[in-house]
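Asks: What follows is a structure written as structure tokens; I'll ask about it next.
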Amino acid sequence: MEWLVSNQGNALPLSEYIRRCVDDVPQRVIREMIQKRDIKIDGVRIQGDVPLQEGQTLTLYWPRSYLLSLMSPEALPAVVYEDSHVVIIDKPAGLLSQSESLYSIGNNALDLMRKELKRRGEPAEELVLCHRLDVMTGGLLVFAKDSEAAEILLSAFENRTIEKTYVCDVKGCPSQRSAVLDAWLRKDEKAALVSVTDYPARGAVPIRTGYTCLSPGPYARLEVQLYTGKTHQIRAHLAHIGHPILGDDKYGDRDLNRKLGIRHQRLWSTRLVFHTEGCLSGLNGKIIETAYPYDIPGKERYGSHD
């Protein structure tokens, strides 16, 4: 696959440009492509993590194992709720919410749902993705079928009138079984990372994250409520208090993840509570839930939390 380097990529090292453009692509995949010289610049295979120039043409040859993980049959989304205005799916981990320039090789949830609507003979071009989940975060993803529903839902997500709950497995167990955490988050666009502090650092924005421990132990299960919704907020905030999400190599314990054999981050959007009006008044107060799909290491399956 090919794409053109934008002015934002000028002088950036190749690895940083890929991380910046594609959130959550595993760093091991980028390293593997660079080490194996599976990247071309203007048709010539490169050696090393070279700086880029605006206007160059990049050609990437993604590792076969990575392509298979993105395009496996298991990555087909299940519809958990649908009416004439809205469709909600249970997005698998590893499936993009929507297409991105570097991911022309794979499926994405928006295109899959458009294809499904077309297969049924229903209008598909007006389908709008109303929010996003990181590629490795699974769970409830909401689409609007028409412009009126899209306007209502996009506003509701922006104004945080839709309550969102996540479930995750973390390293260790918080000493407080339930808490609401306040901190500040700063985003490093160049490195595609965020950092969390307990004080208002320069360029940081306030965040609030709540959690309740569902199952204590060496690997605890938490239910998490987002009161603000910033990039990587749950992952970075829990790592900041010493309890990173299992399977998260970016903010977590890479060695522990390898020891446990966990390759995908254990974070799932499990519940949405709607506060809507207009054509979506029938959704007002409705709770949509899906089961958390993972086992706690060394414990029996926790199962649904309906």
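Asks: Can you go through VAL128, VAL180, VAL167 and tell me which one is within 16 Å of the chain's Cα centre (by Cα) and outside the structural domain of ARG19 (by TED's automatic domain parsing)? I'd like the intermediate steps shown before the answer.
Replies: Working: VAL128 fails: within 16 Å of the chain's Cα centre (by Cα); VAL180 fails: within 16 Å of the chain's Cα centre (by Cα).
Result: VAL167 is the single residue among VAL128, VAL180, VAL167 that is within 16 Å of the chain's Cα centre (by Cα) and outside the structural domain of ARG19 (by TED's automatic domain parsing).
Asks: Further question: Using beta carbons and a limit of 7 Å, which pairs, at least six apart or on different chains, have the first residue in segment 235-247 and on the phi > 0 side of the Ramachandran plot and the second one assigned to a helix (DSSP H, G or I)?
Replies: Between residues of segment 235-247 that are on the phi > 0 side of the Ramachandran plot and residues that are assigned to a helix (DSSP H, G or I), the close pairs are GLY247/ASN257.
Asks: Separate question: Counting only residues that are over 20 Å from ARG208 (Cβ atoms) and of a type in the set (Gly, Ala, Ser), which one in segment 226-282 is modelled with the lowest pLDDT? Steps first, please.
Replies: First, the residues of segment 226-282 that are over 20 Å from ARG208 (Cβ atoms): 246-250, 252-266, 268, 274, 276-282.
Going one step further and asking which of them are of a type in the set (Gly, Ala, Ser), we end up with 247, 252, 261, 278, 281-282.
On the way: GLY247: 92, GLY252: 92, GLY261: 87, GLY278: 91, SER281: 92, GLY282: 90.
That would be GLY261.
Asks: Hey, does segment 204-214 have a residue that's assigned to a loop (DSSP other than H, G, I, E, B) and in contact with a strand residue (DSSP E or B) (Cβ under 9 Å, 6 or more places away or on another chain)?
Replies: Yes: one or more hits.
Asks: Output the residues belonging to segment 224-249 that are part of a strand (DSSP E or B) and surrounded by fewer than 20 Cβ atoms within 10 Å (Cβ to Cβ).
Replies: Pass one, segment 224-249, residues part of a strand (DSSP E or B): 224-226, 245.
The answer is GLN225, LEU226.
Asks: Return a yes/no flag: does segment 155-163 have any residue that is under 16 Å from the mean Cα position of the chain (by Cα) and not in a helix (DSSP H, G or I).
Replies: The answer is no, given that none of the residues of segment 155-163 is under 16 Å from the mean Cα position of the chain (by Cα) and not in a helix (DSSP H, G or I).
Asks: Go through segment 269-298 residue by residue and tally those that are free of Cβ contacts under 8 Å to residues at least 40 places away in the same chain, part of a loop (DSSP other than H, G, I, E, B) and closer than 24 Å to GLY247 by Cα.
Replies: Matching residues across segment 269-298 total 1.
Asks: Within segment 30-77, how many residues turn out to be in a helix (DSSP H, G or I), modelled with pLDDT under 85 and more than 21 Å from the chain's Cα centre (by Cα)? Write out each step before concluding.
Replies: Step one: list which residues in segment 30-77 are in a helix (DSSP H, G or I), which gives 30-35, 64-71, 73-75.
Next, only the ones that are modelled with pLDDT under 85 stay: 64-71, 73-75.
Within this subset, residues satisfying the condition of being more than 21 Å from the chain's Cα centre (by Cα) are 64.
Counting residues in segment 30-77 that are in a helix (DSSP H, G or I), modelled with pLDDT under 85 and more than 21 Å from the chain's Cα centre (by Cα) gives 1.
Asks: While we're looking at this one, here's another question. Out of (1) over 12 Å from the mean Cα position of the chain (by Cα); (2) acidic (Asp, Glu); (3) not in a helix (DSSP H, G or I), what's the single condition that is false for ASP134?
Replies: Failed condition: (1).
Asks: Restricting segment 7-29 to residues that are among the charged types (D, E, K, R) and more than 18 Å from GLN53 (Cα to Cα), which is modelled with the highest pLDDT?
Replies: Our first condition is that a residue be among the charged types (D, E, K, R); within segment 7-29, this holds for 16, 19-20, 23-24, 28.
With the extra rule that they be more than 18 Å from GLN53 (Cα to Cα), the set shrinks to 23-24, 28.
On the way: ASP23: 60, ASP24: 64, ARG28: 82.
Among residues in segment 7-29 that are among the charged types (D, E, K, R) and more than 18 Å from GLN53 (Cα to Cα), the one modelled with the highest pLDDT is ARG28.
Asks: I'd like the full set of residues that are part of a helix (DSSP H, G or I) and at pLDDT 80 or above, limited to segment 90-115. Before the answer, list the steps.
Replies: Filtering segment 90-115 for residues part of a helix (DSSP H, G or I) gives 101-103, 109-115.
ALA109, LEU110, ASP111, LEU112, MET113, ARG114, LYS115, listed by residue number.
The values are calculated or read from the model by the stated rules, or taken from the named source; none is laboratory data. Since the model is a prediction, treat every value here as computed from it, not as a measurement. Glycine gets a Cβ as well: all are built from the backbone with ideal geometry, and neighbour counts include every protein chain shown.
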